[in-house]
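Note sheet for the following structure.
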Amino acid sequence: MESVKALVFDVFGTVVDWREGIARDAAPFLARHGRGDIDPRGFADAWRRRYQPAMEECRSGRRPFTRLDLLHRENLEAVLRDHGLDPARIGESELDALNRAWHRLDPWPEAVAGLVRLRRRYFIAPLSNGNIALLANMAKRAGLPWDAILGAEVAQAYKPQPEAYLRTAEILGLRPAEVCLVAAHNNDLKAARGSGLATAFVPRPTEHGPGQATDLEPAEPWDVVARDFQDLAHRLGC
């Protein structure tokens, strides 16, 4: 880690709690449409399950790069239909408002304070599959102190494509080894390491709810393993 100059962060699940945030906005929406029987957290999980397949269409080349806001909207309409709700019968403004729930996610309790400490020593930025407007709006609302907004839309590639990591380092004017990915997901870190980045694992054991069974422990000997962002700041001397 001695050569690292920039920390880049996975965001959904690592910095912010997407599941509770989406459920919070889904609950009143479902109630308004007479579907209070649908569990809001289950609805959030169903929406999220379409995330990777939608991006894979772009990663595979079957579809040109498409920003995540649009993929989220398409996925929302599909999930509504899966639950017996017709998107065509719901107003455009209401669909857009629910889709923008991804812009309003709350950070994990220690995340902002930890980022503030880390920023004293390192350049910090998201390396997320979220698009620029989504990440900027999220940061403004949540007080995330990024030095820049980076990620898939800037790199025009979705993680775990190597281009997502390598173009981010190039944009920063740094060698891959001078950039460290911080993530709660072992597969993201594995792809980053394969592209030459340093790696830091911070578990988020309730990202998928109380029964989470994945990413509870580091799967490989990552360069740094920390309990949370405050512990990461301590381990990196911030």
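Of the residues in region 82-92, none is surrounded by 17 or more Cβ atoms within 10 Å (Cβ to Cβ), under 19 Å from the mean Cα position of the chain (by Cα) and aliphatic (A, V, I, L, M).
Hey, could you check region 185-208 for residues that are of a type in the set (G, A, S) and surrounded by 14 or more Cβ atoms within 10 Å (Cβ to Cβ) and say which is farthest from A23 (Cα to Cα)? Lay out the reasoning, then the answer.
As a first pass, look at region 185-208 and keep what is of a type in the set (G, A, S): 191-192, 194-196, 198, 200.
Right, trim to surrounded by 14 or more Cβ atoms within 10 Å (Cβ to Cβ) and you get 191-192, 195-196, 198, 200.
On the way: A191: 30, A192: 30, S195: 35, G196: 36, A198: 34, A200: 28 Å.
Among residues in region 185-208 that are of a type in the set (G, A, S) and surrounded by 14 or more Cβ atoms within 10 Å (Cβ to Cβ), the one farthest from A23 (Cα to Cα) is G196.
Report yes if E217 is acidic (D, E), more than 23 Å from C58 (Cα to Cα), open to solvent by 70 Å² or more (accessible area, probe 1.4 Å) and within 20 Å of the chain's Cα centre (by Cα), otherwise no. So E217 passes the test. Looking across region 131-169, the residues that are in a helix (DSSP H, G or I) and of a type in the set (K, R) come down to K140, R141, R167. Taking the listed residues D231, D215, the one that is in a loop (DSSP other than H, G, I, E, B), charged (D, E, K, R) and out of contact with any strand residue (DSSP E or B) (no Cβ under 8 Å at 6 or more places or on another chain) is D215, with no other qualifying.
Among the conditions (1) in contact (Cβ under 8 Å) with a residue 12 or more places away in the chain; (2) more than 30 Å from L172 (Cβ to Cβ); (3) open to solvent by less than 10 Å² (accessible area, probe 1.4 Å), V16 misses just one, which is (2). Selection within region 77-133: residues that are in contact with a strand residue (DSSP E or B) (Cβ under 7 Å, 6 or more places away or on another chain) and of a type in the set (A, V, I, L, M). The member of this set that is farthest from F43 (Cα to Cα) is L118. The single condition among (1) surrounded by 16 or more Cβ atoms within 10 Å (Cβ to Cβ); (2) under 30 Å from L236 (Cβ atoms) that M1 does not satisfy is (1). Only one of the listed residues (A139, A44) is free of Cβ contacts under 8 Å to residues at least 24 places away in the same chain, under 30 Å from A200 (Cα atoms) and surrounded by 14 or more Cβ atoms within 10 Å (Cβ to Cβ). That residue is A139.
The values are calculated or read from the model by the stated rules, or taken from the named source; none is laboratory data. Being a predicted model, the structure only gives us computed values, none of them experimental. Glycine gets a Cβ as well: all are built from the backbone with ideal geometry, and neighbour counts include every protein chain shown. Heavy atoms of the whole protein, side chains included, go into the accessibility calculation; ligands, DNA and RNA do not. Shrake-Rupley method; radii C 1.70, N 1.55, O 1.52, S 1.80 Å.
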